[in-house]
Every structure is written in C-alpha cells, then in structure tokens.
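Take a look at the structure set out below.
Every read-out reported here was derived from the displayed coordinates using simple, explicitly stated rules and does not represent laboratory data. Everything quoted here is computed from the prediction, not taken from an experiment. Glycine also receives a Cβ, built like all others from the backbone with ideal geometry; neighbour counts cover every protein chain displayed.
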Amino acid sequence: MNKFICFFLGSFLLASLARSQETNIQTHTIYLNFLQIKEEMNYGLVFKGPGLGDAYTDSYQNKKRIFTYEGRFNISVPMTREILAMSFNVVPLKLDYLFRTGAEGKVCVGPYLITEYNYQAYPDLQSGYSFWLTHYSLGAAVTGWFPIKKSRIDLSLHTTLLGITSRQTEIEDPYFFDQSFGYAMQYVHQDFQFGSWDRYNETEFEVKWTPKETSRLAFAYSFEILYYSQFPTLTMINNTIKFIILPKKFRI
C-alpha cells in the first residue's frame, strides 16, 4: 500500500512538471460500446448490451516523452433472457508516462497508472444487491503511429501488471440492501487485496484513425477484457467505437 501511495505522489509531481512540455493537446470523446459480463454469482449467465460513454484527455508532449491524463464515465444496459442489468464504469484517473523510441519517435513505451470502478446491479435477478470490482493498478503501455497518405493510424496497447482490488465476496441477504451513494462508496473501497496476473488483469487494444491533417474528428475502435480469477470470478469484455473531437490547431 505504501508503494502505491508513493507512486500516486510521484504521478502528481510528474503532472506538474508536464506543464512545461512543448505541446498540449486536449480531446473530448463520445463513445458507444457493447458490453459482455459473466459474473460467477449470477449462475454463469452472460449479460450483453449497449452502452454510452464520455471521456476527456489532456496530453503534454515533447521530442522525448508524452504525459497524458484521461478520465471517463460509462453506463451500459446488458440483458440476458429478458433480465435487465445496469453497469457503471468510472475511471477518474488514468496517467500515461511514455518515452519516445526510434529515430522518429513514432513508437512510445512506458508505465501507466489507472484507478477504475466497475459497479453493477441486477434488480430482476438479485434484488438491489450491488456487485463491483475496483482496482488501482500499475501497468505497461506501448503506442505507435504511422501515416497512410494524408491520414494517420495510431495503435495502443495497455495491460495491468499489479495493483490492489476490491470485490464483493458473497451475498449475505439480497432482500436487505442500501443503494445510497454513501454506502456505494463504502462498498467499492472495502477490503483491498494486493495482486498481479494471479488475481486479475485488464488489457485494452485500440486502433485510431485520423482522416487528414486538419481533421476535427478522429475515429477509434477498442477491445478491452477484464478478468478477476479469485472467488467470485468475473469476466468483462467491451467492444467500443469512439468519436474523438480534436482541437482546432491539431496537426498530425
């Protein structure tokens, strides 16, 4: 836990230093996703359904490194056998600190930090009982880009390496529950456990296309898989289409 606190403090220090970087790029993203959830406590049922999300990024770049902050919020409505569920995904903090490699600096590698909350409710199946997986993770990232005529393709891969997780362990009584905001915040922060790939992993691959040099809109597709291997096991797969609003002075 102390190592994570030190890393958080170091990350905020890096954020303040990043203000002196040469280039600042801010983007706003609206995205549509299709979520699949397999929750062990739901008798092996797989819930599938669409969702809508919003994200903001703030990136500082120079010839040697890229520092990027991202925050996002998503609501999905998966179903199975006419059973409705609600799924919330909140990422208040995702920080990439990447170093350019190669002669042209088109490939970047480095660490990233993410705090993520996944919160589900299955009112038709489990009354008002809440399900969640929270993780604070340190991972590795690699990105790269290349031109195609006047357009640009960006590729990125993020995968967690280690971190701490919070997860419900059992349903004590599904008919007595509290859905207030205060109790939800208490749930998603309780009983943190340290682990690596032996406990959980989240991996995301993204392809982004910017049509031309002066584009105000870019498009991306991402595939994300999150698994938790301890009891109760959880697997979440997300396919996402993103519409990225670029700044007026952006150049590829």
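Figure legend: label point modelled 7 angstrom from the Cα of residue 151 along Cα→Cβ; residues of the stretch 208-246 with amide N under 17 Å from it are 208-222, 241-246.
Backbone phi angles across the stretch 70-79, fed through the Karplus curve with coefficients 6.51, -1.76 and 1.60 (θ = phi - 60°), yield HN-Hα couplings of 9, x, 8, 9, 9, 10, 10, 10, x, 9 Hz in residue order; Gly and Pro are listed as x. Of the listed pairs 63/94; 64/242; 208/248; 63/149; 94/149, which have alpha-carbon separations greater than 26 Å here? Flagged as over cut-off: 64/242; 94/149.
As a rough footprinting exposure proxy, the listed residues 236, 41 were ranked by other beta carbons within 10 Å of their own, and the order from fewest upward is 41, 236.
Using only alpha carbons, the stretch 2-245 has a radius of gyration to Kirkwood radius ratio (Rg to Rh) of 0.99.
Listed values for the stretch 58-63 are Karplus-derived 3J(HN,Hα) couplings in whole Hz (6.51 cos²θ - 1.76 cosθ + 1.60, θ = phi - 60°), namely 9, 10, 10, 9, 9, 6, and x replaces Gly and Pro.
Candidate cross-link partners of residue 48 among the aspartates and glutamates, defined by an alpha-carbon separation under 20 Å and a same-chain spacing of 8 or more, comprise 39, 40, 82, 124, 202, 204, 224.
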